[in-house]
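Notes to accompany the following structure.
Each value in this text was obtained by applying a stated rule to the coordinates, not by laboratory testing. Predicted model only: the values in this text are computed from it and were never measured. Cβ coordinates were reconstructed from backbone atoms using ideal geometry, including for glycine residues, and neighbour counts include every protein chain displayed.
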Amino acid sequence: MFEAFDAVLLARLQFAFTVSFHFIFPSFSIGLASYLAVLEGLWLWTGRQIYLDLFKYWLKIFALAFGMGVVSGIVMAYQFGTNWAAFSDKAGPVIGPLMAYEVLTAFFLEAGFLGVMLFGMNRVGRTLHYVATLAVAIGTFISAFWILSANSWMQTPAGFAVNAGGQFVPVDWLAVIFNPSFPYRLVHTVFGAYLTTALVVGAVGAWHLLRTKSSEGGANDGARVMFSMAMGMITVVAPLQILAGDQQGLNTLEHQPVKVMAMEGHFESYNSGAPLILFGWPDQATGVTRYAVEIPKASSLILKHSLDAPLQGLDSVDRKEWPPVAIVFWAFRVMVGMGTLMLALAAFSLLARVTRRLYDWPLLHRFALVMGPAGFVAVIAGWVTTEVGRQPYTVHGLLRTVDSASRLDAPAVAASLLAFIVVYFIVFGAGVIYILRLMSQPPHRGEMGPAHGQPMRAAGITPSPAVAESLAAGGKEA
Amino acid sequence: MPFAFDLPAIFAFIIAFAIFAYVVMDGFDLGIGILFPAIPAGHERDSAMNSIAPVWDGNETWLVLGGGGLLAAFPLAYGMILSALYAPIIAMLLALVFRGVAFEFRWRDPGHRAFWDIAFNVGSTVATLAQGITLGALLQGIVIRERGYAGGWFDWLTPFSLLVGVSLVCGYALLGATWLIMKSEGALQERCYRLGFRLGIAVILAMAAVSAWTPFLRDAYWLRWFAWPQVLFTAQVPLLVVIASAVFFISLRRQHHYTPFLMALGLFVLGLAGLGISLYPYVVPPAVSIWDAAAPNVSLKFMLPGVLVMVPIILAYTGYSYWVFRGKTGHEGYH
């Protein structure tokens, strides 16, 4: 019994590790693919060289991030079987087809057109190249659609029956796909991806604005454009994201109240107005949140939109139904904290834009720079909140995590977990260094794309008219 | 009563097709990784890499379809096979991570290109070996109890599974060499003609060894191959292997550009057909058939239109992508 628990815990750690690492890349590439589509679209529309330069600059980074997303994603497609065989057997009939549709409608689209997007501009001409860019961007969306549908079904299962073999059998596919938490999660996650990308782009812009203060001769034009675009995006999306998050919270309260109890650190029920615990240490063993700093009745206000509304706590459910409260509680606070900082950045940049100091307010640039990784932190923290909050179930309320795992020996899982940790840190550590190295270079006029095999040329050697000419020629050919 | 399709059988065919597409497409790019030590660093390696850079992640998507499709269509088998073959599957995944990132990393970090080239080579080789071992171990059969794997975690390691692993390494290397014959010119092409000859011999020997061994693994396999009258049908497979091999060597001698690759693919088709003959209708031998493992019909029905509509579209734009990058590739990249 104890051994079985150990193997399950290790399998959970392994899944958490590999999925968190994987999730970093799509949460960046979803937004970046759209940003690239916007840049190329602006270039085609206005004909301004700077948009093409920025497009090629970010395309190199996209190539790296996308490659890492692909390889870490293949791992995920097999983890369900290696470590969660019982889950695969039981839930496979429902979530398997959703994932199959993800592969069929999204992965192939992205991968099929990525080659053309990265290396094909001179071969297919502008229009077809833009089609490829759009296909990749749309593919990232479709992918998010299906995988979040599958994930949401595990949170709020709907449209199924259970057969004699203990398998979940779909009864109503529309109810399965559009299960109760899916629309909220989709919006919240896609906004999260947009913010993540905008924060990275903004930080890179800010870095180059800080380094090249002079705008003489268009020295920092590229940095200006990307910084302005990123801050504009954050200004629009950050407030919307807070709204979307609130809506998802209310949806969670309706369908997974225990998760919300853990997020709030509410061990006890409140009959008249629950306090908002800002900080504290939830102690699972004793069922008390220690050192709590509270705002009276504020939790009822947020969750029920009424000061005196009663709110149930974890004492209203069996302990066996509790998720690990401290992890959920703190992960949620990290996410909300990051969101608040993003809102502050949005407000600051708006002030700078209105007062026409967007490009020469070093404090803003420093703030934007340190906020570069904030999106990743928020996305992972949000993910931990929702996934750990679903425990002790894999399919909420129906299939327990301990009953989902493969029959594996603890040493086998421990060895593979160790191997994943070592390999991921080497490989993705190197990848992140390469990405940062690319980012440390400012965008140049006549930026090279992810061309391979040629010596790294100094900036500006390729005159831009020549590039445009060769593109036009390619266009005629096609 | 509406016409009742045998959906599990249809999906067995679809999964087999996905595996075939994967082997055909990722086979040659893994093969180039396997051959990397035989290709001198510099222009030749760069051309070899450039010939697959635009298409490799599309190729690997078929592996995701194989995994995702197996989960969706045969969830019971998916869980059994992957947990039974835990070690080789994990090894394959980690190896694919290494070789996948090498595509970009080797260009981004010329100072460590040698390291990423080794990662590409070792990753490709280990991934292939693991795939072959997985296949061999599956053919041997998997111990099952109560809808789950009940064997030890080194059951997969046997002389037979290692033989299949090594055979697949030779096979992918052959695909890689013949792909490069098609896509390259000059010194690299010359080198690949020589490699292709040696690998062709190795592959035929390996196929013979695996084919000779397989019927002795289980009586069921023996009967499937040699029972009368179906032997009239199964005997076509080795016959066609002989013909394809002959055409392969002749085309190699005459220095054809495309035929060696097509014949190498032909050998793979025949190998997979042989595999199908041995296994069908079992997905997890010896006990679990495709009907035992299949997802409920409602799941399969939901997927079927998606597969029937999307796979041709996918093949069309994959074909387009290959067409865009057609012809001989230089070491200078596509820019």
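Ranking B:Thr158, B:Ser245, A:Val395 by how far each Cα lies toward the positive end of the dipole of the protein assembly as shown (charges on Cβ) leaves B:Ser245 at the top.
Going by average Cβ neighbours within 10 Å, how do the peptides A:9-16, A:27-34 rank, with the highest at the top? Don't jump to the answer; show the numbers that get you there.
Details: A:9-16: 19.5, A:27-34: 26.2.
So the order, starting with the most tightly packed, is A:27-34, A:9-16.
Rounded to the nearest 20, the size of the Cβ-charge dipole of chain A about its Cα centre is 1340 debye, with Lys and Arg at +1 and Asp and Glu at -1. Taking chain B as a Gaussian network of alpha-carbon nodes connected by springs under 10 Å, the highest mean-square fluctuation of the residues B:Glu44, B:Glu185, B:Glu146 belongs to B:Glu146. The order of A:Ile426, A:Ile177, going from fewest to most other C-beta atoms within 10 Å of their C-beta, is A:Ile426, A:Ile177. Estimated purely from DSSP H runs of n ≥ 4, each contributing -39500 (n - 2.57), the mean residue ellipticity at 222 nm for the protein assembly as shown is -25000 deg cm²/dmol once divided by its residues.
Can you tell me the relative contact order of chain A? Whole percent, Cα pairs under 8 Å, sequence separation 6 or more. Provide the component values of the computation, followed by the final result.
Values: 742 pairs, mean separation 112.8, N = 478.
Here the relative contact order equals 24 percent.
For chain B, the longest principal axis of the C-alpha atoms and the axis of helix B:186-217 are separated by about 20°. Each residue of region A:376-390 is assigned a 3J(HN,Hα), and the resulting list reads 4, 4, 5, 5, 5, 4, x, 5, 4, 4, 6, 7, 5, x, 7 Hz, derived from the Karplus form 6.51 cos²θ - 1.76 cosθ + 1.60 (θ = phi - 60°), x at Gly and Pro.
Would you work out the relative contact order for region A:178-301, in percent, from Cα pairs under 8 angstrom that are 6 or more residues apart? Can you show the working numbers first?
Numbers: 128 pairs, mean separation 25.4, N = 124.
Relative contact order comes out at 20 percent.
Nearest 10 degrees, 0 to 90: what angle lies between the long axis of helix B:113-140 and the longest principal axis of chain B (Cα atoms)? It works out to around 20 degrees.
Projecting the Cα atoms of A:Leu278, A:Val187, A:Ala206 onto the charge dipole of chain A, computed from C-beta unit charges around the Cα centre, puts A:Ala206 farthest toward the positive end. With respect to chain B, whose longest principal axis is taken over its alpha-carbon atoms, helix B:297-324 is tilted by about 10°. The listed peptides B:120-127, B:216-223, ordered by packing as a protection proxy, come out as B:120-127, B:216-223 (highest mean of other Cβ atoms within 10 Å first). Taking B:His112, B:His43, B:His256 as the candidate residues, the one with maximal mean-square fluctuation in a Gaussian network model of chain B, Cα springs under 10 Å, is B:His112.
What does the charge dipole of the protein assembly as shown about its Cα centre add up to, to the nearest 20 debye, if the Cβ of each Lys and Arg holds +1 and the Cβ of each Asp and Glu holds -1? Walk me through the numbers before you get to the answer.
On the way: 47 positive and 44 negative charges, 318 e Å.
Around 1520 debye, computed over the protein assembly as shown.
As a proxy for reagent exposure, B:Cys192, B:Cys170 were ordered by neighbouring Cβ count within 10 angstrom, fewest first; the result is B:Cys170, B:Cys192.
When +1 charges are put on Lys and Arg Cβ atoms and -1 charges on Asp and Glu Cβ atoms, the dipole computed for chain B relative to its Cα centre reaches about 460 debye. The GNM of chain B, with springs linking C-alpha atoms under 10 angstrom apart, assigns the highest mean-square fluctuation among B:Val298, B:Val166, B:Val101 to B:Val298.
Sorted ascending by nearby beta carbons within 10 Å, beginning with the fewest, B:Ile313, B:Ile19, B:Ile89 become B:Ile313, B:Ile19, B:Ile89. Near the amide H of A:Arg445, within less than 5 Å, lie no amide hydrogens of residues on another chain or at least 5 residues away, with H placed in the peptide plane. Amide H to amide H, with H built 1.01 Å from N, A:Val169 comes under 5 Å of A:Ala161, A:Val162, A:Asn163, counting only residues 5 or more places away or on other chains. Put simply, the amide H of A:Val288, placed in the peptide plane, has neighbours under 5 Å in A:Asp283, leaving out anything fewer than 5 places away on its chain.
Think of chain A as a dipole: +1 on every Lys or Arg Cβ, -1 on every Asp or Glu Cβ, centred on the Cα centre; then among A:Gln49, A:Ala374, A:Phe80, A:Gln49 lies furthest on the positive end.
Looking only at other chains, what is the average number of their beta-carbon atoms within 10 angstrom of each beta-carbon in B:293-300? Can you show the working numbers first?
Values: counts 2, 1, 9, 9, 2, 10, 12, 2.
Mean number of neighbouring Cβ atoms from other chains: 6.
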